[in-house]
1. Once you wrap a convex hull around the alpha carbon atoms of the range 9-122, what is its projected area averaged over all directions, in nm²?
2. With each run of n ≥ 4 DSSP H residues scored as -39500 (n - 2.57), what mean residue ellipticity at 222 nm is computed for the chain after dividing by its residue count and rounding to the nearest 500 deg cm²/dmol?
3. So if each residue of separation counts as 0.36 nm, and I subtract the Cα-Cα distance between residue 258 and residue 194, what length gain in nm does that give?
4. Could you give log10 I(q)/I(0) at q = 0.17, 0.25 Å⁻¹ for the range 214-264, computed by the Debye formula over C-alpha point scatterers of equal weight, without solvent?
5. Once you mark the GluC sites (Glu not before Pro) that are in a DSSP loop and have at most 12 other Cβ atoms within 10 Å, what is the longest gap between them in the chain?
6. For the chain, which whole percent of the accessible surface, found with a 1.4 angstrom probe, sits on carbon and sulfur atoms?
7. Using only Cα atoms, locate the centre of the range 73-93 and the centre of the range 1-62, then give the distance between them in Å, rounded to an integer.
8. Can you give the extra length, in nm with one decimal, that the chain gains between residue 117 and residue 23 once fully stretched, where that is 0.36 nm per residue apart less the Cα-Cα distance?
Amino acid sequence: MRTYLVVGASRGIGLALVVELLKDPTILVLATARAPNRAPGLQALSSSRLSILELDVTDATSVERAASAAAALLPAGSGLDCLIYNAAVLLQEVTPFEQVDLAVFQQELLTNTVAPLHVVRAFLPLLRLPHPPSSTSSSLSSDISHRQSTKIVFVSSDLGSLEVAPTKAGLCETYSVCKAGLGMLARKWGTTLKEEGICTLILHPGWVDTDMGNSINIWMSEHRPGLSKISATESAARCLRVIEDARIEDAVAFYAYDGSRVPW
Ligand code: NDP
């Protein structure tokens, strides 16, 4: 069995990732929500392979508590195979820099850029745990294959790409800054983690039919005409294919949901 942790799974793409993962009977899923009792879609997924954890990524105590709870839930001696950091907020969709609310920007930075560091750091000991050796492989090959399969995935956006993000004033300005920072976090930290066999990816899920994706309908149709919105199910399935296919040699990479590379 492999274990995936999906951070921010109450709705949207995070919830769709959980649904897709549960289709594979060899996968255990730990799904987090900041308020599980306000996540009916997640609660409805009754599966013995799903555990739901409470985790507000902006609350340090909550992060540490969730990491301890995850450790207690994992089968003895085994760790996490993949951590997907999906949680994010987009709070200032069409605000030019001169009108940005700094307190709101700080909230965006906390959720989108600072919290990923804290969450990954808290769960890293579980990602580093080796898997119990299988009966068919030597301990050396088992260790190598485990290390090559361990992944950290940051769900980002092509709006965080320095080259791709539109320069038109006022479009998701602070969100783009947050996601660009997330890219640098992934690229620098992921390069170090690669040395111990952990594959770090950053992923653009497409323009997706979720609360966040729908909040930018007007400006997407104006500034990216011809781009179609995809369903959360399609995005999640294609993102998981990219994650599964990625090898340690690919790290650190910025992929889109269709497997193409996004420029940094
Ligand atoms: P939604 O707004 O639909 O969902 C956001 C998720 O993040 C929710 O589960 C939400 O939980 C969670 N979240 C936000 N703040 C916190 C917090 N403090 N603690 C824990 N969880 C939190 O967004 P999407 O599903 O559309 O986006 C998912 C990811 O995809 C994000 O990283 C986003 O930036 C990225 N993305 C989305 C695109 C799109 O078109 N939709 C395009 C490009 C990138 P809660 O229910 O508690 O609020």
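The values are calculated or read from the model by the stated rules, or taken from the named source; none is laboratory data. Everything numeric in this text was worked out from a predicted model, so none of it was measured. Using ideal geometry, Cβ is built from the backbone for each residue, glycine included, and neighbour counts are taken over all protein chains shown. The accessibility values were calculated without ligands, DNA or RNA, using every heavy atom of the protein model including side chains. Shrake-Rupley method; radii C 1.70, N 1.55, O 1.52, S 1.80 Å.
1. For the range 9-122, averaging the hull's shadow over all directions gives 8.0 nm².
2. Mean residue ellipticity at 222 nm (helix-derived): -12500 deg cm²/dmol.
3. Gain on extension, residue 258 to residue 194, equals 20.7 nm.
4. Once normalised to I(0) and log-transformed, intensities are -0.66, -1.00.
5. Formally, the longest exposed-site-free interval is 1-162.
6. 54
7. Cα centroid to Cα centroid, the span is 9 Å.
8. Value of the extension gain: 30.9 nm.
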